[in-house]
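Visitor: Below is a structure I'd like to ask you about.
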Amino acid sequence: MIYGLGLAKGMGVTLKTLLGPSFTVQYPDRRVGIMGAAKAAGISTPGLIFKRPVKALRAVLGFERIAVMPTQAARFRGNEFTWYEDRCTGCASCAKYCPLGIIKIVTAPGGINMQEGESYAIETFDIDTGRCMFCALCVEACPYDALHMGSEFERGNYVRMDLVLTKEDLIAAPKRPSTWFRPQMEESAYSPFAETLEDMKQAGRHETPSVEQLTKRWVEDRRTDESVED
Amino acid sequence: MPLKTEPITINVGPQHPSTHGVFRMRVTFDGEEVIDVEPIFGYLHRGSEKLAESRTYTQIVTLTDRMDYVASMTNNMSFILSVEKLAGIVPPPRGVWLRMIAAELQRIASHLVATGFFLQDLGALGTPLILMMRERETILELFERLCGARITNSYMRPGGVFMDAPDDFWPALNRFLSDMPHRIDEYEDLISGNEIVAARCDGVAVVDSQTLIDASVTGPMLRASGIDWDLRHRQPYEYYNRVKFNRPLATTSDNYARYIVRIHEMRESLGIIKQCLEQIEPGPVRPETVPALIRPPAGDSYVGTECPKGELGFYLVSDGGVAPYRCKVRAPSLINLTLLREMLIGDKLADLFVTFGSIDINMGEVDR
């Protein structure tokens, strides 16, 4: 064994990686060249040079940046809970299931639930996301599919109290529920990054899939896997 | 005339980048040679065991994520097995296979972190660590598809897993399985034959197997001394008796042996995942009879599992209520750390952190 052969071999790996594609993900934006800037603006490269020369010059000099969204899975347990008020009966299953006890619910008699009929009116529904650990046990506990995890994650704040999601915040928030513990959304090929589900009917109801459904899905998965390998 | 030196005591940590968390060592040197080490820990103590006494069994799963935070899935599995033994819950086969796949992926991820930071401590700044983080990233993305979180997974529940894997998980897993062996070859090319690594690691921090057994050290550290002790093989839990795998061993029990055992274990884990994929069948992942609030009969249970760092076991005592009466964690990181003094005495200052990195501890698990 020649001394230094291992070092040379290791240097070969380093060089191979150096010449290979970069796997760094730039966030929140990345620099683009002139072609990338034209593609982002939706016009051809000569079109960019003639129509928007300042932008083209900036791109050549390396000052032009475009926003990047990191890839996320549909089940991502994100911030900004999605809550359908009409579905919530105020049963407080979520509050009882929460390991940290950060969900505060105050109810009064005389409310109407769109599915169950008479129920409690919800006066307060606070989630203190400043202490939340996003375990999503509250979503698992909800018997009416009223509470879902969200898909957002950029919720930085300067004031701690702003992290408490109140009932008004939850109603006003964009309804991008995560598919976590909601198999009906996974089956409908819904993507939380492409569309919002403003209406609670679009979100569907959670039903445990039958063994036949599972078998069918599994067989189809295997078929696609084999075709991928071929 | 020999140079006269006198002992000097240095505090390493608790805020030190190479101590892998908040860990403090009071080291006494004679010149460059270590003559005494006193490990001081407890800075990250969060009282997980006590907190568990006021939480239901499902809620404790979230606590186990935060013990060894680079191996959450295996922590979940260890706790869940203990609860299932206590409450007499039998998980359906598909749930068990999914748990095994998740646990073996987590073992690879944890070994990647261990090896990467071990080499970082050795002075290989950048290349090996970044290459290993790249593959760990793939595993974390798989976990995100599986359970929506990358580190604090909370994937498993008493009786199985919370939900079946999504459809896009399986092609991604297959891509990872076909890609990963080449990556491990790359690491071997980069590190295993490297003369500098050999010069720095061969024969450093040797501990004999009897000392390791006396200190009840487990995991790759024990297997690096040639003792064939793997709980997946010795006391099979889950379906580990239905898969075939080798137990990689080394005999020299030095830093290099601890590194090479981990590299070989990654290959074995890949083999286990492939066998799981061959044997997994469709079906439910969680029995419908398990209630939301589990009330196990009064009694106690202990299940030891082979986690990336060694034997992790949860000892649970139930008084028939919804929360355990007592929860005791046998944490491999803490027990493996007890030999630090014996390993370091007589070594040089430069080998201090290398040896520390080769034990592969996680302060979240040491202090709990």
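The values are calculated or read from the model by the stated rules, or taken from the named source; none is laboratory data. Everything numeric in this text was worked out from a predicted model, so none of it was measured. When we count neighbours, we look across all protein chains shown, and the Cβ atoms used for this are built from the backbone with ideal geometry, even at glycine. Areas reflect the complete protein model, heavy atoms only, side chains present, ligands, DNA and RNA absent. Shrake-Rupley method; radii C 1.70, N 1.55, O 1.52, S 1.80 Å.
Visitor: Take the residues in region A:121-143 that are over 16 Å from residue A:171 (Cβ atoms) and open to solvent by 50 Å² or more (accessible area, probe 1.4 Å), then tell me which one is nearest to the other protein chains (Cβ to nearest Cβ).
Guide: A:143
Visitor: Now, a different point. In this structure, is residue B:109 out of contact with any Gly (no Cβ under 9 Å at 6 or more places or on another chain), touching a residue at least 24 places away in the same chain (Cβ under 8 Å) and either assigned to a loop (DSSP other than H, G, I, E, B) or within 14 Å of another protein chain (Cβ to nearest Cβ) (or both)?
Guide: Against the criterion (out of contact with any Gly (no Cβ under 9 Å at 6 or more places or on another chain), touching a residue at least 24 places away in the same chain (Cβ under 8 Å) and either assigned to a loop (DSSP other than H, G, I, E, B) or within 14 Å of another protein chain (Cβ to nearest Cβ) (or both)), residue B:109 does not qualify.
Visitor: Only one of B:265, B:188 is touching a Pro at 6+ places or on another chain (Cβ under 9 Å) and assigned to a helix (DSSP H, G or I). Can you tell me which?
Guide: B:265
Visitor: If you don't mind, another one. When you go through (1) part of a loop (DSSP other than H, G, I, E, B); (2) within 20 Å of residue B:357 (Cα to Cα); (3) modelled with pLDDT of 85 or more one by one for residue B:125, which number turns out not to apply?
Guide: Status for residue B:125: all satisfied but (3).
Visitor: Quick one: which residue in A:59, A:38, A:73, A:67 is under 30 Å from residue B:169 (Cα atoms) and touching a helix residue (DSSP H, G or I) at 6+ places or on another chain (Cβ under 6 Å)?
Guide: Criteria check complete, one pass: A:73.
Visitor: For region A:195-204, check the following and say yes or no: at least one residue is at pLDDT below 75, within 21 Å of residue B:145 (Cα to Cα) and buried (at least 17 other Cβ atoms within 10 Å of the Cβ).
Guide: yes
Visitor: Yes or no: residue B:253 open to solvent by less than 30 Å² (accessible area, probe 1.4 Å), away from every other protein chain (no Cβ under 14 Å) and at pLDDT 90 or above? Write out each step before concluding.
Guide: Numbers: open to solvent by less than 30 Å² (accessible area, probe 1.4 Å): yes; away from every other protein chain (no Cβ under 14 Å): yes; at pLDDT 90 or above: no.
Answer is no for this residue.
Visitor: Among the candidates B:293, B:316, B:270, B:277, single out the residue that is in a loop (DSSP other than H, G, I, E, B), on the phi < 0 side of the Ramachandran plot and either within 14 Å of another protein chain (Cβ to nearest Cβ) or among the aliphatic types (A, V, I, L, M) (or both). Walk me through how you get there before you give the answer.
Guide: Numbers: B:316 fails: in a loop (DSSP other than H, G, I, E, B); B:270 fails: in a loop (DSSP other than H, G, I, E, B); B:277 fails: in a loop (DSSP other than H, G, I, E, B).
Only one candidate passes the filter, namely B:293.
Visitor: Another question about this same structure. For region B:199-215, does any single residue satisfy the condition of being out of contact with any strand residue (DSSP E or B) (no Cβ under 7 Å at 6 or more places or on another chain) and under 26 Å from residue B:170 (Cα atoms)? Even if it seems obvious, please write down each step before you answer.
Guide: Residues of region B:199-215 that are out of contact with any strand residue (DSSP E or B) (no Cβ under 7 Å at 6 or more places or on another chain), as a first pass: B:199-215.
Next cut, under 26 Å from residue B:170 (Cα atoms) only: none.
Looking for residues that are out of contact with any strand residue (DSSP E or B) (no Cβ under 7 Å at 6 or more places or on another chain) and under 26 Å from residue B:170 (Cα atoms), one finds none in region B:199-215, hence no.
Visitor: Which is within 14 Å of another protein chain (Cβ to nearest Cβ), modelled with pLDDT under 80, open to solvent by less than 70 Å² (accessible area, probe 1.4 Å) and under 16 Å from residue A:79 (Cα atoms), of A:177, A:192?
Guide: Exactly one of A:177, A:192 is within 14 Å of another protein chain (Cβ to nearest Cβ), modelled with pLDDT under 80, open to solvent by less than 70 Å² (accessible area, probe 1.4 Å) and under 16 Å from residue A:79 (Cα atoms), namely A:192.
Visitor: Oh, and also: Report, ordered by the first and then the second residue, all pairs with beta carbons closer than 9 Å, sequence separation of six or more or different chains, a first member in region A:48-71 that is under 9 Å from residue A:37 (Cβ atoms), and a second member that is loosely packed, with under 12 Cβ neighbours inside 10 Å and of a type in the set (Phe, Trp, Tyr).
Guide: Cβ pairs passing all conditions: A:56/A:50.
Visitor: For region B:1-31, name all the residues that are part of a loop (DSSP other than H, G, I, E, B) and out of contact with any Ser or Thr (no Cβ under 9 Å at 6 or more places or on another chain).
Guide: B:1, B:2, B:3, B:4, B:5, B:6, B:14, B:16, B:20, B:21, B:23
Visitor: Then there's this: Step by step: first the residues of region B:195-218, then only those that are open to solvent by 20 Å² or more (accessible area, probe 1.4 Å) and part of a loop (DSSP other than H, G, I, E, B), then the one that is farthest from the other protein chains (Cβ to nearest Cβ). Which residue is that?
Guide: That would be B:215.
Visitor: Additional query: Within region B:302-309, does at least one residue satisfy the condition of being open to solvent by 10 Å² or more (accessible area, probe 1.4 Å) and among the charged types (D, E, K, R)?
Guide: no
Visitor: May I pose another question? Identify, from the list B:293, B:344, the residue that is open to solvent by less than 10 Å² (accessible area, probe 1.4 Å) and of a type outside the set (D, E, K, R).
Guide: Only one candidate qualifies: B:344.
Visitor: Within region A:71-91, can one find any residue that is farther than 25 Å from residue A:172 by Cα and within 14 Å of chain B (Cβ to nearest Cβ)?
Guide: Taking every residue of region A:71-91 in turn, at least one turns out to be farther than 25 Å from residue A:172 by Cα and within 14 Å of chain B (Cβ to nearest Cβ).
Visitor: Return yes or no: is residue A:10 out of contact with any strand residue (DSSP E or B) (no Cβ under 6 Å at 6 or more places or on another chain), small (Gly, Ala, Ser) and within 23 Å of residue B:135 (Cα to Cα)?
Guide: For residue A:10, the condition - out of contact with any strand residue (DSSP E or B) (no Cβ under 6 Å at 6 or more places or on another chain), small (Gly, Ala, Ser) and within 23 Å of residue B:135 (Cα to Cα) - is met.
Visitor: For residues that are under 30 Å from residue B:350 (Cβ atoms) and within 13 Å of chain A (Cβ to nearest Cβ), tally how many sit in region B:123-162.
Guide: Matching residues across region B:123-162 total 13.
Visitor: Return yes when residue A:112 is in a strand (DSSP E or B) and touching a Leu at 6+ places or on another chain (Cβ under 6 Å) and no when it is not.
Guide: No, not satisfied.
Visitor: Of the numbered conditions (1) buried (at least 20 other Cβ atoms within 10 Å of the Cβ); (2) within 30 Å of residue A:74 (Cβ to Cβ), residue B:179 satisfies every one except a single condition; which is it?
Guide: All conditions are met except number (1).
Visitor: Considering every residue within region B:237-247, establish whether at least one is surrounded by 14 or more Cβ atoms within 10 Å (Cβ to Cβ), touching a strand residue (DSSP E or B) at 6+ places or on another chain (Cβ under 7 Å), of a type outside the set (Gly, Ala, Ser) and touching a residue at least 12 places away in the same chain (Cβ under 8 Å).
Guide: yes
Visitor: Considering only region B:67-92, state which residues are surrounded by fewer than 18 Cβ atoms within 10 Å (Cβ to Cβ) and either under 20 Å from residue A:136 (Cβ atoms) or without any contact (Cβ under 8 Å) to a residue 12 or more places away in the chain (or both).
Guide: Hit for region B:67-92 is B:69, nothing else.
Visitor: Can you list residue pairs whose Cβ atoms sit under 8 Å apart, with the first residue in region B:340-368 being in a helix (DSSP H, G or I) and the second being of a type in the set (Asp, Glu) and open to solvent by less than 10 Å² (accessible area, probe 1.4 Å)? Count only pairs 6 or more apart in sequence or on different chains.
Guide: B:364/B:68; B:365/B:68
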